Structure formats: C-alpha cells, structure tokens
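Single-structure report; data block below.
Any read-out appearing in this document is the output of simple, stated calculations on the displayed coordinates, not a laboratory observation. Worth saying up front: this structure is predicted, and the values here are computed from it rather than measured. Please note: Cβ atoms are built from the backbone with ideal geometry, for glycine as well, and neighbour counts cover all protein chains shown.
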Amino acid sequence: MILALGLLLILLILMGMPIFAGIMGAAMLGLHVSQVDFSAIDIEMFRLANAPVLLAIPLFTFSGYLLSEGGTSRRLVRFSKSLFGWIPGGLGVVALVSCSFFTAITGATGITIIALGGLLFPALISENYKENFSLGLMTTSGSLGLHFPPSLPIILYGFVSGASIERLFVAGIVPGMLMVGILCLFSVFMGKRWKLERPPFSLSEFLHSLREAAWELAIPLMILVGIYSGFSTATEAAALTAVYVLLIKVFLFRELSLMRDVPRIMVESTKMVGGIMIILGAALGFANYLVDAFVPMRILEWLQGTVQSKIGFLLILNFFLIVVGCMMDIFSAILIVVPLIMPLAEKFGIDPVHLGIIFLANLAIGYNTPPIGLNLFIASSRFDRPIMQLYRATLPFLFLLLVTLFMITYWPALSLFLPALLKG
C-alpha cells in the first residue's frame, strides 16, 4: 500500500497535477484505507498555523520581495565586481557570490535565476566566457545560499525536526561557503585557462560600491548578531528585518512608494506564502499518515538488516535526497522526508543539526540534477536555451558540488564546530 501511494504521488505530479494536490490526494487515500478520519489533516494544518516560529516565513518572504524590487541586485553585483572583478574568472565569482547572497535573503532559487540572470548572463557572454560555462554557472548558482541566514528552509527544518534554528543558522555558514568557494575556484581556473581580460582593482570603486550596498549587506549579520546576543528570537529577527528593509527601500533609497508599491508587494508575497502554506499543510497531512502507518519504523527495520554502518546509511541517504530534490520543492521535501529520516539518523548517531545541513546540500544539488531538476527548466526558459544544453552545461558544476557534499556529509565538524564554539 505504501509503495502504491508513493508511485501514485509521483505519477500524479509527473502528469502535471499541482504538487500540493498530489500530496493531499495521496494523504487522503492513505488515511481512508487506514480508516483514519480526515480531520487528522485539519489538526496538522491547525498545528502549522499556530506554530510561532513559522511566523518568520511570511516576514522573511516579504523582506525578500521588497529586496527583489529596485536596485538591490544591481548594488550587490557592483559591490561583488569591485571586490572580485580583478581576479581571473572574476565575473564568474561575482555571479556566484551575488546569487548566493540573493538566494539567502529572498529564500527562493527560481527568483534568483530570473532576477539576476538577465543581468549576469549577458555580462558573462560579453566578457568572452563560454556559453555552456555561463549557463551552468547561472543555473547552479541559483540554489546556492540555502545554508545562509535568513534561509527559509532552515527555519522550516528546525520546526519539523525540533533542532535549534539558531544553531542551524550558524552551522550552515561554513558548508555554504565551501559550496560557493569550490565553484569560485573553478571559475578562477577557467578564467586563467581562457586568459580573460580583467580590470585592475580600484579602491575608490570598492569604497563607493560598499557604501552603496552596505545597508543590504548588513542584513544576514544583523540577524545573527540579534539572535546570538539574545536581543531577538528568529521570529523577532524576521519582524525587525521586514521593518528594516521597508525603511531603507522606501525612505533611504526611495525606490518604492509606500502607498503605491508596498501594498502590491505585500499582496504578491502573501500569495507566495499562501502557496507555501497550502503545500506545507498537504505535506504535513501526508507525513502524518506515513508516521501513523509506521513507515519510519519499517524503513529502520529494513536498514538494520541491510546497512550496518553509518557510512553506508549516509551514502543511501545522499542518493535518496538528491532524487527527492529533483522531484519535489524544498518545503514539501522537508515536511514529508524529515520525519522519516530523523529516527534513522538518530539510530546511526547523526546530530540533527548536521543532518539538516546535509539535507539542504542534497536538495540544492537536486534542483540542478537532470533530468527533472527544477532549476534546469527555469534556466532553460529564462535564457531561451534547449533543456539538453542545460543538462550538458551543469555537469561540471554538479560534479564539484558532489565533492563538497561528500566533505559536508563525512566531516561533521564543518557544520558543528561553529555552533559549539559560540555555545562555549
């Protein structure tokens, strides 16, 4: 029955049914067969709506929508170019750093590709970067930044797993920098190989661009300082961030009108949050059925008979999560899969915070993995290139990201030493 439900869910989604409808249908069918009242889904939705920590999601989403309007992307790119543009392959580094920062503060990979792709892809081509390299770089860079605060997936993972969101925010910094850094080194290598022209470093341009972008660059630091100083919780930090971004966009930069633009952006961000919450409610209902059907315990029993080591479990987990990342959005994946793998991870002695970082790294890679990674189709539409070309273009970047995934998975200190240091 469980296998049949899983196959049904996959089939419905591949046929074009909205993912929340497919998940909800599978949940209702499972509950009906198990003779469990459908009110179990309502109870889960009520619990979701009353979770204080999830108030951070609409607040950070609103902040991200505000930042996606106006000149934020231009200021971030200009600052990154002044800082990294002089090194070989510097424009590639600029694209990676800008996109990862933008994804972190907006909370969505597709928005990054759409918003920054039109600015950075033509710039890469005009600077004589190869087209496939530029396509692969822009596509994969859209999913970088999920580990950096104020990442919405981190908040949701903390809610589902019970792990400290504050620890997760800090734990993701080094692995996130590693994923960005190894792709930056690849860009530098290719820049040297192609002998691309690079402008000299200009201190005056750096200072000017820093002064221009400082207000937005400070956002992640403000969130971390506010949380770890005890000044605010994650939810309070989200509220303060929304107010801060609103003030700088309306009154400092004067890019948005308080009466004309802000209401429109509030409606757009509310639609986004509403869509997320519908998916979360359906996913929670499905997860509730899976738990009631003792699916985690059955998987654990199967693994105990077939996998005897922590290394073997992590190998299976990585493969499974990349497949999940190809087929599901990150919010549904967290709500459905995390309750399944938490007991297994606990059995093998994996720290929940480390598990969360592994989880996000796998899903970030899954977004770009052929044949059905979501970012591949977004980039194909955004840059008007065949999907097969995107497959080929992303392969070198995927290989490097898999190397970083191996390091993140089997070197727990990368994720855990900063939280332990701050705790100490």
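Points worth noting:
- Rounded to the nearest 10 degrees, the angle from helix 295-306 to the longest Cα principal axis of the chain is 90 degrees.
- Highest average first, the peptides 68-78, 140-150 ordered by how many other beta carbon atoms sit within 10 Å of their residues are 140-150, 68-78.
- Overall form of the stretch 51-114: prolate. Here a/c, set by the Cα gyration tensor axes a ≥ b ≥ c, is 1.5 or more, and a/b is the larger of a/b and b/c.
- Among residues other than G162 with Cβ under 14 Å from its Cβ, the summed charge is -1 (Lys and Arg +1, Asp and Glu -1).
- Dipole-positive endmost among P412, S68, L91 within the stretch 17-423 (Cβ charges, Cα centre): L91
- Percent RCO, i.e. relative contact order, over the chain, from Cα pairs under 8 Å lying at least 6 residues apart: 25
- R0 of 30 Å, Cβ-Cβ distance F251-L203: FRET efficiency to nearest 0.05: 0.50
- Using θ = phi - 60° and Karplus 6.51 cos²θ - 1.76 cosθ + 1.60, couplings along the stretch 242-253 (whole Hz; Gly, Pro as x): 4, 5, 4, 5, 4, 5, 6, 6, 8, 9, 8, 7
- Burial order of peptide ranges 193-202, 208-217, 164-173, 357-366 (average beta-carbon count within 10 Å, highest first): 357-366, 164-173, 208-217, 193-202
- Under 28 Å from K423, Cα to Cα: lysines that are on another chain or at least 8 residues apart: K310, K347
- Computed over the chain, the convex hull of the alpha-carbon atoms projects to a mean area of 21.0 nm².
- The fewest-to-most ranking of L317, L183 by surrounding Cβ atoms within 10 Å reads L317, L183.
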